[in-house]
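The values are calculated or read from the model by the stated rules, or taken from the named source; none is laboratory data. This one's a predicted model, so the numbers in the text were calculated from it and none came from an experiment. So basically every Cβ, Gly included, is an ideal-geometry build from the backbone, and we count neighbours across all protein chains shown.
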Amino acid sequence: MELKDLGFDKWFLDQKIDLQYPGLNIARITAVDRDSYLIRNGKNEVFAELSGRFTFHVESNTDFPCVGDWVLAQYYDSDSFAIIQEIFPRKSFLRRKSAGKKIDYQMIASNIDFAFIVQSCDSNFNLRRLERYLVMVNEGNIEPIFLLTKADLVSLEKLDKMIFEVRRSNINCKIIAMSNNTNFGLDQVRQVLEPGKTYCLLGSSGVGKTTLLNKLIGQDLFKTNTIRNKDSKGRHTTARRQLIILKNGAMIIDTPGMRELGTINADKGINESFSEIQVLVENCRFTDCTHTQETGCALLSAVKNGELSEERYQSYLKLIKESEYNNMSYVEKRKKDRKFGKFIKSAMKQIKKNE
Ligand SMILES: Nc1nc2c(ncn2[C@@H]2O[C@H](COP(=O)(O)OP(=O)(O)OP(=O)(O)O)[C@@H](O)[C@H]2O)c(=O)[nH]1
Ligand SMILES: [Mg+2]
Ligand SMILES: [Zn+2]
């Protein structure tokens, strides 16, 4: 196996990070457990830790390696253990904002080509939640695929209606309806899995992500659970993220179900996920329109004449509001940073004067 089979393509080569660190080896993070890592190169998969220098330079949560990252590492003890020295820039990423006012993100995974946004056909199906996931995926430069699982639980008419609702909301990504119980649609899932590409499974707890992964692997390697049997602490069945290489060479990352997506701070993601609204916004006659009460607003008239659904319009406004709020606190943070920068500068001047 070569690095390119693990997804190391021209984009990473062009970063030329490895040239700055001759003697180090390129490897990909396949699992993270607190401060230990599993990393994989063309040869094998070994435990690794971060170098002291790396940890020293960390400024925020997102600087730490996550599953999917490419790193440079020094191997020891006849290649049985490694120290991570440097991380490659991320081609794509999945992250969510941590709770609280501070702008801080939690990395979910990186360098993913396609994200399966998974919902089950029962009560889990929800367009608003789908939109939130789409924002997160689009923001991270990842191509979304909507996976409707447990199709065995509903009639074909009901299934068609759900897909129709998704399309009516102007969501244009690929949709696959499938069932782990009857294998309906499983071939369609297999068809999108290309060797050398990285996929991830996203969605609420209990929608069948791990069941699907086991199917694709061909054995019950990972634990699944009925929702009824979930432990009393309400913990998810899948507890950690891990990058698995399938027989055909595609890579897939299973993630624990997310109860909350975190708040949105993602203009790019919103604009891509609501592209039909973006067109209306650009055509709105007021540049500073709030699109909530202005007479002649393009969005409001689209809602009025039925071109744009009320739900989708509300959903858009809500996400924009949330994003604006978060951007605001980001600016505030930047202001503080600048003040701090000035403080450092004047302190340095002072030191120089006294020398
Ligand atoms: N009827 C039906 N049940 C399914 C299907 N796929 C999975 N299940 C069941 O749904 C339950 C939850 O499946 P998991 O695969 O553990 O769900 P998960 O998405 O990995 O959940 P977390 O790991 O907690 O995020 C299990 O009891 C599965 O047997 C399906 O296609 N149809
Ligand atoms: Mg799971
Ligand atoms: Zn407007």
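Looking at this structure, is Glu307 at pLDDT 85 or above, within 16 Å of ligand 3 (Cβ to nearest atom) and charged (D, E, K, R)?
yes
Can you find even one residue in segment 193-209 that is part of a helix (DSSP H, G or I) and within 16 Å of ligand 2 (Cβ to nearest atom)?
So far as segment 193-209 goes, yes, one or more of its residues are part of a helix (DSSP H, G or I) and within 16 Å of ligand 2 (Cβ to nearest atom).
Let me confirm something: among Ile176, Ile163, which residue is crowded, with 17+ Cβ neighbours inside 10 Å and either within 16 Å of ligand 3 (Cβ to nearest atom) or closer than 25 Å to Lys215 by Cα (or both)?
Being crowded, with 17+ Cβ neighbours inside 10 Å and either within 16 Å of ligand 3 (Cβ to nearest atom) or closer than 25 Å to Lys215 by Cα (or both) holds for just one of Ile176, Ile163, which is Ile176.
Within segment 282-304, can you find the residues that are surrounded by 11 or more Cβ atoms within 10 Å (Cβ to Cβ) and at pLDDT below 80?
Phe286
When you scan segment 118-131, do you find a residue that is under 24 Å from Arg34 (Cα atoms) and out of contact with any helix residue (DSSP H, G or I) (no Cβ under 8 Å at 6 or more places or on another chain), even just one?
Among the residues of segment 118-131, not one is under 24 Å from Arg34 (Cα atoms) and out of contact with any helix residue (DSSP H, G or I) (no Cβ under 8 Å at 6 or more places or on another chain), which makes the answer no.
For the list (1) at pLDDT below 90; (2) within 13 Å of ligand 2 (Cβ to nearest atom); (3) assigned to a helix (DSSP H, G or I); (4) not β-branched (Val, Ile, Thr), I need the number of the one condition that Leu212 fails.
The failed condition is (1).
In this structure, is Gly196 in the same structural domain as Phe125 (by TED's automatic domain parsing), modelled with pLDDT of 95 or more and more than 18 Å from the chain's Cα centre (by Cα)?
Here the answer is yes, as Gly196 does meet what is asked.
For every residue, the table says whether it meets (1) more than 16 Å from ligand 1 (Cβ to nearest atom); (2) assigned to a strand (DSSP E or B); (3) modelled with pLDDT of 90 or more; (4) surrounded by fewer than 15 Cβ atoms within 10 Å (Cβ to Cβ).
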residue	(1), (2), (3), (4)
Phe116	no, yes, yes, no
Ser123	no, no, no, yes
Arg132	yes, no, no, no
Pro144	yes, yes, yes, no
Arg167	yes, no, yes, yes
Ile171	yes, no, yes, no
Thr182	no, no, yes, yes
Asp187	no, no, yes, yes
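In the set Met258, Met251, which member is in contact with a Ser or Thr (Cβ under 8 Å, 6 or more places away or on another chain), under 20 Å from Leu134 (Cβ atoms) and either away from ligand 3 (no atom under 16 Å from the Cβ) or at pLDDT 80 or above (or both)?
When all the criteria are applied, what remains is Met258.
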